[in-house]
Amino acid sequence: MDAWRKDPTLATCAALADGAELSSFVGGPFDVRAVVAGIRPEAKDRFLLDEVPWEHFPQGDHVREAVHLLRTGDPRHAGTGVVDGLCANDMRAAAVLAVPFLIRIAADARHPYRADALAEVS
């Protein structure tokens, strides 16, 4: 029941509220730049979505699911708007995690939703 108290995101927010410098988190598990740079090429190429710490970023689980649906060509791929919607709602961090995967979908000439993936990247 108190698992939320151990949530690393909550700890980060609490540290910032207590005066920690934002720069002290550079390169860490909540720095989306470092996280994207740390995604192994094999994870990107093979769509090993579970290797990405989506849970560190707001709405990350929704972005992961949208990428999965798009990748599998699921007819419910309407979830692609999730990434675009997050950007509109100023939740870009989780959307950034999807970019390496979306580029691979867009580059697949046989994928039925490659144009959708490219639109999400932009």
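Structure notes:
- At full extension, residue 119 and residue 65 could sit 17.7 nm farther apart than now, given 0.36 nm per residue minus the alpha carbon distance.
- Dipole magnitude of region 27-79, debye to nearest 20 (Cβ charges: Lys/Arg +1, Asp/Glu -1, about Cα centre): 180
- Mean Cβ count within 10 Å, highest first, over the residues of peptides 45-54, 95-104: 95-104, 45-54
- From phi via Karplus (6.51, -1.76, 1.60), per-residue ³J(HN,Hα) for region 110-122 in Hz, x at Gly/Pro: 9, 6, x, 10, 5, 5, 5, 4, 5, 5, 5, 4, 5
No value in this document is a laboratory result; all are computed from the given coordinates. Just so we're clear, the structure is a prediction, and the values are computed from it rather than from any experiment. Cβ: placed from backbone, ideal geometry, glycine included. Neighbour counts: every protein chain shown.
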